[in-house]
Amino acid sequence: MSLPPSMILIEGLPGLSLIIWFIIFSIGLYMMRTASHQAISAGSRMLYRIFRLTSRSIIQTKDRVKVRNKEVLIANAKEANEHMIEREFDRIENAVKKDLASYPALQHKISETITTIDEEYQKSAEIPPAPPGWVAAIEPIASIKSEGDPMVGNILTSIQNGLVKGQDKALAQYRQSSKKRHDILKRIAPKWRVVQKGLSEVDSRVKSILDRSKSIDRHMEDYENLVRAKDKGQHALSSSSLTQFFIAGFVLIIAIGGAMINFNLIARPMQEMVGGSNYMMGFKVSDIAALVIILVEISMGLFLMESLRITRLFPVIGALNDKIRFRMVIVSFVFLLLLASIEAGLAYMRELLSQDDAALMSSLTSSVTARVESSAAWITTASQMGMGFVLPFALTFIAIPLESFIHSFRTVFGVVVVAFLHFLAFLSRFTGSFILGFGKLLINLYDLVIFLPLWVESLIQGKKLSHIMPVLAKDKKEK
Amino acid sequence: MKLKNLSALFTFALLLGACSSGPSNHTQGIYMLIDTSGTYTKEVDKAQQVINYTLAKLQSNDTFVVASINTGSFSEKNIIAKMTLDDRPSKANQQKRLFKQNIDDYVTKIKSSSYTDISGGILQATDYLTEKDNGKKTIFIFSDLKEELKKGYVRDIPFNLKGVRVVALNVTKLKSDNIDPREYMDRVTLWSKKVESSGGSWLIINDLEHLNKILVQD
């Protein structure tokens with residue numbers, strides 16, 4: 001390293017020139033010391049304040065975003081909860097409709113059975129016929145002793161016989177009556193079972209409604225927690241959103257893979273329909289057409305899912321009345337079916353084109369046209385057609401993860417933005433502090449560069465002090 | 001209201017149309033000249049292979065012409081087969097089959113010529129390719145590059161090869177080249193200078209396996 005010629009003060013002594021320059025600069029810098037220190041200090045403080053202010057404003061923004069995230073999270077959760085409660089009420093409504101429709105019939109049946117049982121019971125309670133009344137009148141006569149009189153003996157025997165006969169008859173009648181009552185009671189047993197069955201049916205239906213009401217209670221509790229904005233609930237919701245985001249993202253990636261396979265199935269045969277050499281914005285028109293078909297299929301799938309109220313991406317569709325919604329289900333399904341059929345046709349055409357290409361290549365590469373007929377070729381054709389038909393329907397289900405992805409994306413994006421703002425605020429604070437420290441360092445370095453004049457200054461000040469100090473001490477003493 | 005909708009749709013269609021680039025920008029035109037003079041006729045089998053390979057690589061709307069180089073090559077009569085492939089792949093395959101058939105027929109009844117008018121062939125090829133507005137223009141010269149003109153034929157005419165690639169294929173060495181290789185080198189240098197000074201680009205491919213690089217579609 002050498003000094004430029006213009007800076008050499010003494011010819012042939014660049015070192016000395018350098019020292020002289022250094023001294024000149026040191027003196028210059030010493031003269032500007034106070035002003036420079038103030039400038040550096042003020043500059044660094046100003047920058048420090050700017051960065052602090054920026055950091056504070058970023059933190060405020062972060063807080064606002066955080067609040068917004070919280071609101072979005074709660075709104076999403078509320079919506080989901082409302083959706084669940086609504087579904088539960090729908091189920092209860094259906095159950096009530098279904099059960100109450102058959103309830104009058106069931107009640108009628110039970111009361112009819114009970115009436116029959118009552119009647120039967122009344123019948124079973126009938127008193128058996130009493131033994132004839134003359135028996136009691138005859139009994140004293142029958143107890144008279146014959147005492148060897150044959151006539152009296154005969155009369156008594158005949159009375160006894162009559163009495164026995166009468167008792168036998170009464171017994172038979174009693175048995176018959178008892179049998180009849182038993183038969184009636186036997187007939188009542190299955191009717192009791194009918195009543196029991198009916199009552200247990202009522203019980204099970206009421207129980208299912210009670211179960212549903214318990215589920216509603218649970219959802220309501222969640223909902224109340226959300227309304228009260230409990231932190232625990234929010235943390236759970238946040239982590240659930242993150243999980244949903246990744247799961248939905250993963251399923252969407254799989255769906256994109258399916259869409260790509262679908263695209264490859266129809267892109268080549270599309271050339272037969274729209275030409276193979278037309279380009280639009282740098283892309284082949286046939287490729288764009290294939291992509292549009294797939295996108296239309298996905299759209300139809302979305303409409304179908306929306307009309308079936310499986311997803312809620314378009315509130316307008318969800319708010320349609322049931323009749324129009326049902327029509328929409330049919331229309332979107334028919335479109336989907338048509339597109340799937342078209343795709344199956346295109347997949348078949350793809351196979352034909354591939355075979356034609358293979359035959360052409362074979363004829364171009366060899367002088368003899370080799371034709372290899374494969375018995376398993378139909379499997380490829382059938383598989384391609386099958387995939388062409390099935391994939392559009394499979395893509396319909398994209399709507400479900402897509403909805404989850406969109407909903408959870410808002411939350412995840414919010415969390416990422418908050419983290420980013422937090423980092424930015426930290427960076428701003430750090431930069432501010434660094435600049436303040438750097439300013440101090442710069443002041444010290446400045447003093448380091450002008451160490452020579454400073455040393456001289458301290459020497460002079462030292463001398464002055466040594467003169468002043470005894471005077472000051474003397475003054476103090478005198479005082 | 002309906003009229004408004006229709007006009008909006010029409011505008012959209014026009015915009016799409018404006019965005020779409022015609023087939024010419026992405027297509028290629030290949031003009032292949034086959035030397036049929038003297039002993040080089042024996043190399044026609046290789047030329048056939050090149051043609052078949054080229055046919056396999058061509059896409060919809062590409063143009064392919066095969067013409068012979070003989071005593072006077074600046075003539076449409078020298079064209080053996082020509083085609084512009086259809087937009088539809090199935091139709092294009094049929095055209096390729098027919099083209100191959102024409103070349104096969106020609107090879108069976110090929111006749112050797114006494115002179116070699118390469119310049120005339122290049123002039124004819126340039127003329128043809130300029131007419132066809134392909135995005136990529138290529139002239140294949142399947143020859144030993146030794147030009148022999150019949151007395152009276154004027155060929156010291158500058159070419160207009162702007163945007164045209166000239167690819168010399170299978171440039172065989174002659175007996176005299178073996179004695180003095182400078183003859184071969186001079187021949188090749190002469191043609192490359194001629195082509196490059198006319199605005200074209202020059203390339204030699206003797207190993208036909210390298211042909212793939214030329215025929216890869218953009």
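The values are calculated or read from the model by the stated rules, or taken from the named source; none is laboratory data. Worth saying up front: this structure is predicted, and the values here are computed from it rather than measured. Quick reminder, even Gly has a Cβ in these numbers, built from the backbone with ideal geometry, and neighbours come from all protein chains shown. Heads up: the accessible areas ignore ligands, DNA and RNA and are worked out on the full protein's heavy atoms, side chains in. Shrake-Rupley method; radii C 1.70, N 1.55, O 1.52, S 1.80 Å.
Miscellaneous remarks
- Note on chain A: percent of Cα-Cα distances in each 10 Å bin, starting at 0 and stopping at the bin with the largest distance, equals 3, 9, 10, 10, 9, 9, 9, 9, 8, 6, 5, 4, 3, 2, 1, 1, 1, 1, 0, 0.
- Euclidean distance of C-alpha centroids, segment B:44-107 and segment A:172-232, integer Å: 89 Å
- Mean Kyte hydropathy of 1.0 or more with a Cα span along the axis of at least 24 Å, helices from DSSP in chain A: A:14-31, A:285-307, A:377-396, A:399-449
- For segment A:247-276 and segment B:156-206, distance of Cα centres in Å: 47 Å
- For segment A:14-61 and segment A:409-479, distance of Cα centres in Å: 11 Å
- Peptide B:81-90 is shielded by partner chain Cβ atoms: per residue, an average of 4 of them sit within 10 Å of its Cβ.
- Accessible surface of residue A:273, taken over heavy atoms with a 1.4 Å probe and every protein chain present, rounds to 120 Å².
- Too-long pairs where the Cα-Cα distance tops 29 Å, listed order kept, from B:111/B:193; B:132/B:193; B:82/B:175: B:111/B:193; B:82/B:175
- Residue order for A:325, A:52, A:218 - accessible surface, 1.4 angstrom probe, largest first: A:218, A:52, A:325
- Using alpha-carbon coordinates, inclination of helix B:44-57 to the longest axis of chain B, degrees: 20 degrees
- For segment B:24-215, the calculated P(r) over all alpha carbon pairs, in 5 Å bins from 0 to the bin holding the longest distance, is 1, 8, 17, 21, 23, 16, 9, 4, 1, 0, 0 percent.
- Rounded to the nearest 5, the antiparallel percentage of DSSP beta bridges internal to the protein assembly as shown is 30%.
- Counting Cβ atoms of other protein chains within 10 Å of each residue's Cβ and taking the mean over peptide B:26-32 gives 1.
- For segment B:24-215, the per residue solvent-accessible surface stands at 49 Å², with DNA, RNA and ligands left out and a 1.4 Å probe.
- Solvent-accessible area lost in complex, 10 Å² minimum, residues of segment A:245-278 relative to chain alone, 1.4 Å: A:268, A:271, A:272, A:275, A:276, A:277, A:278
- Net charge of Cβ neighbours under 9 Å - reference residue A:265; Lys, Arg +1; Asp, Glu -1: +1
- For the listed residue pairs A:440/A:477; A:97/A:191; A:123/A:197; A:207/A:323; A:440/A:476, the alpha carbons are over 30 angstrom apart in A:440/A:477; A:207/A:323; A:440/A:476.
- Note on chain A: with neighbouring protein chains present and a 1.4 Å probe, carbon and sulfur make up 68 percent of its accessible heavy-atom surface.
- Largest to smallest in accessible area, the residues A:164, B:167 fall in the order A:164, B:167 (1.4 Å probe, all protein chains included).
- Solvent-accessible area buried by B and A, counting both chains, probe 1.4 angstrom, square angstrom: 1800 Å²
- Carbon-plus-sulfur accessible fraction, segment B:148-197 (probe radius 1.4 Å, protein heavy atoms only): 56%.
- Segment B:24-215 - share of DSSP beta bridges that are antiparallel (%, nearest 5): 20 percent
- Surrounding net charge for residue B:202, when Lys and Arg each add one and Asp and Glu each subtract one, Cβ distance under 11 Å: +2
- Taking every residue in A:354-364 and counting other chain Cβ atoms within 10 Å of its Cβ, the average works out to 4.
- Of all lysines in the structure, the ones whose alpha carbon falls short of 17 Å from that of residue A:78, not counting any fewer than 8 places away in one chain, are A:70, A:230, A:232.
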